[in-house]
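Everything on this sheet refers to the single structure shown next.
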Amino acid sequence: MSSSSYRALLRIPGAAPVFAAALVGRLSYGTVSLALVLTVRHSTGSYTAVGAVLALFGLTCAALAPVRAALIDRHGVRRVLPALSLPYGGLLLALTLVRGEPALLALAAAAGACAPPLGPVLRARWSELLGPHGLLERAFSLDAVAEELLYVSGPLLVGLIGGAPGLVLSAVLVIVGALALARLAPARVTAAEPPGGAHTARRGGGRLRGIGRPVAVAWALGLALGGLSLLLVVAVGARGQAGALAWLEAALAAGSAVGGLAHGAVRWQRPVATRLTATAAGLGGLLALAGVAVGLGGLLALAMAVAAVGLLVSPTLATAYVLADERAAAEHRTRAGSWVNTAFNAGSALGTAAAGPLAGRWPLPLCFACAAAPLVLVALTPAWRGRRAAQRAAEQAAPTEQPVPTQQAAPAEQVEPTEQLAPSQQAAPAEPVPTQQAAPAQQAAPTEQAAPAQQPVPTQQPTPADEQPVPAQV
């Protein structure tokens, strides 16, 4: 392999241990959801309680993620990760012991509030380790593919061992992974704290303003994929082939893995923002075409279309993370990555919730197009605004350039009459200016002395009287 391969990436000092520790801890997030479903269902016998517990756990986990990331940016990984992971693991263990629904709800909400942001911590650490080597985008692509595989393999493990053991496994995984990440973190209090100290860091919240674009794309991507997951259920259910859902999900995951690895293996020359527009808009277009496959072809055509959509999932998400990392200040990288992650999760939940009512009223191809529309709009709006701004700038600059020749021509037209009137204006005063001694040449001008020839009466003899003022002017 070349020096830019994934092997070269993991050979950089510190990269492989950090990646391995994060994989162990993040596998917990692949196992915890199904483990909660099975545990709460066994404890209460109510799917309503299952839905409430999962919703409350996911809500607190997503809503407070930027707060937890800000704590890490301010106080450092070594101090915050153990303080979050130990209570989180303990609360998961407590969920296996209680039976009442109110207690389950309280424990689930508390556990979600303490969930350690291992993904943002890994990406921030990789930015420090790999940024100087130009391998950051390759690392984020590998991370997106690994995360996809974790969320596929996690439920499989829980299915093998059961609900309560799955929660125990989730607690052990997150504690081991988080403590390992904390141990591998550099020994410092804050991540590149600015010279002004903590107060300066608090005032520096505006440094996250530049991440609005990647956050918006991540939200629209989550919206599209969340809607797609439910629309696939409806599509296979309409054909009476519910077993085909696993194959469609596998096609999406495989396409995402292949696309992410291929994306990370390329040395891109175009700006990150431009590529984010291209991948997001392309994914939206492919998702709309998948709806056409639902209406025209069978499940094989739909599987191929879904795999094509998956090819751009990891590249789009990885590019969003890279753009957020580039635009955020060094001391806010964890929080920037957390905002992208939170936006994706929030969009996914909203997309799943919105796809249900749409699928019950509209044809499936139209539902696919609705799921793709926000992603296309969010991707193309900045480019459209840029063109409009360029056009307005050109229109404003055009009038300022036109008056230049007209203003230069105006003095040229005024100079000619002033030069012609100069002799007459100089001859008016009777001052003996030496430089005006050329006046005798004007005295001999036949135009002034020809006046007697124009007078019809010669007896008045005006000539001597007209000649006397001439020497006086000299």
#### Entry: Per residue value of the accessible surface for segment 264-341 (all protein chains in place, 1.4 Å probe), Å²
37 Å²
### Message
Could you work out what % of the accessible surface of segment 21-137 is carbon and sulfur, using a 1.4 angstrom probe and leaving DNA, RNA and ligands out of the count?
### Response
70 percent
### Task
Compute the convex hull volume of the Cα atoms of segment 222-376, divide it by the residue count, and report the result per residue in Å³ as a whole number.
102 Å³
#### Entry: P(r) of segment 240-308 over all Cα-Cα pairs, binned every 5 Å from zero, in whole percent
3, 15, 20, 23, 16, 10, 7, 4, 1, 0
#### Entry: Charge context of P13, other residues only, Cβ under 13 angstrom, K/R +1, D/E -1
+1
### Message
Could you tell me the center-to-center distance, by alpha carbons, between segment 1-64 and segment 321-366 in angstrom?
### Response
17 Å
### Summary
Highest mean packing first, using Cβ neighbours within 10 angstrom, the peptides 63-69, 354-360, 365-371 sort as 365-371, 63-69, 354-360
#### Entry: Protection-proxy order for peptides 249-256, 298-305, 136-143, each taking the mean of Cβ atoms within 10 Å per residue, highest first
136-143, 249-256, 298-305
### Where segment 1-142 is the region considered: accessible area per residue in Å², 1.4 Å probe
39 Å²
### Within the accessible area of segment 276-328 (1.4 Å probe), percent carbon and sulfur
77 percent
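The values are calculated or read from the model by the stated rules, or taken from the named source; none is laboratory data. Here the structure is a predicted model, which means the values were calculated and not measured. For neighbour counting, all protein chains shown are included, and Cβ atoms are generated from backbone atoms with ideal geometry for every residue, glycine included. Calculation scope for accessible area: heavy atoms of the full protein, side chains included, ligands and nucleic acids excluded. Shrake-Rupley method; radii C 1.70, N 1.55, O 1.52, S 1.80 Å.
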